Amino acid sequence: MTAVRRLLVIGIVIFFLGGLVAYQEARVNSGRQPVFLRVPGIMEPRVQLEPRLEKYYRGCGHTYPLPLPPGIKWQGSGKEEMTSLFPPAEGWRLRQEAGRLVATQEVDGLCPVCAPKRHLAVKDGLVAVYQGPAGTLGPLLKVTGLKISALPANWQSRIQAGEAEFNSEQELLEALDSLDEYR
């Protein structure tokens, strides 16, 4: 009789484990998070859809898509594999979004569109040139010898309102050249 009980217990355990495996497979394929405790390495979510890569520029707040590296098999990769491909020490952050893994690399500085822009602002009563569009905290490039109080009212208001923005170094130089007479 004990042999029959053992077989019955073994059968129930196998049935229970089979149910857990089927539940895990359905959960991974649907992208839902588990209700029960995950067993690391066995029950962790796997990448089913091709991930999305992007770069986030802290200086201006813009995000741009990145191409996926060629030759990597994404299907079935787990958190450990993805973390080794996109290490947090290099600014990568992994998150799930609509059933897809999104890897975002956060970097300091301005994006390629904002980096060539320049804007004028006031620093210690003088007109200063900053890198990036107005409203960003781009690096200070130089402080001119122009006193803000010596400029015409329209230029004073534009600079103080953060509206003196230029798309290129050339546009900036032309504007500074026209303001040079107010030294």
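The values are calculated or read from the model by the stated rules, or taken from the named source; none is laboratory data. The structure displayed is predicted, hence computed values, not measured ones. Glycine gets a Cβ as well: all are built from the backbone with ideal geometry, and neighbour counts include every protein chain shown. For the accessible areas, the whole protein counts, side chains as well, though only heavy atoms, and no ligand, DNA or RNA atoms are used. Shrake-Rupley method; radii C 1.70, N 1.55, O 1.52, S 1.80 Å.
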Could you identify the single residue in 94, 68 that is without any contact (Cβ under 8 Å) to a residue 60 or more places away in the chain and in a loop (DSSP other than H, G, I, E, B)? 68
When residues of region 79-90 are filtered for being farther than 16 Å from residue 65 by Cβ and in a loop (DSSP other than H, G, I, E, B), how many remain? 1
For region 119-130, check the following and say yes or no: at least one residue is open to solvent by 70 Å² or more (accessible area, probe 1.4 Å) and among the aromatic types (Phe, Trp, Tyr). no
One residue is enough: does region 171-183 have a residue meeting the conditions basic (Lys, Arg) and not in a loop (DSSP other than H, G, I, E, B)? no
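Table: residues versus (1) of a type outside the set (S, T, N, Q); (2) within 18 Å of the chain's Cα centre (by Cα); (3) surrounded by 14 or more Cβ atoms within 10 Å (Cβ to Cβ).
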| site | (1), (2), (3) |
| --- | --- |
| 88 | yes, yes, no |
| 92 | yes, yes, yes |
| 100 | yes, yes, yes |
| 112 | yes, yes, no |
| 117 | yes, no, yes |
| 149 | no, no, no |
| 176 | yes, no, yes |
For residues in region 132-164 being touching a residue at least 40 places away in the same chain (Cβ under 8 Å) and not hydrophobic (A, V, I, L, M, F, W, C), which is farthest from residue 113 (Cα to Cα)? 162
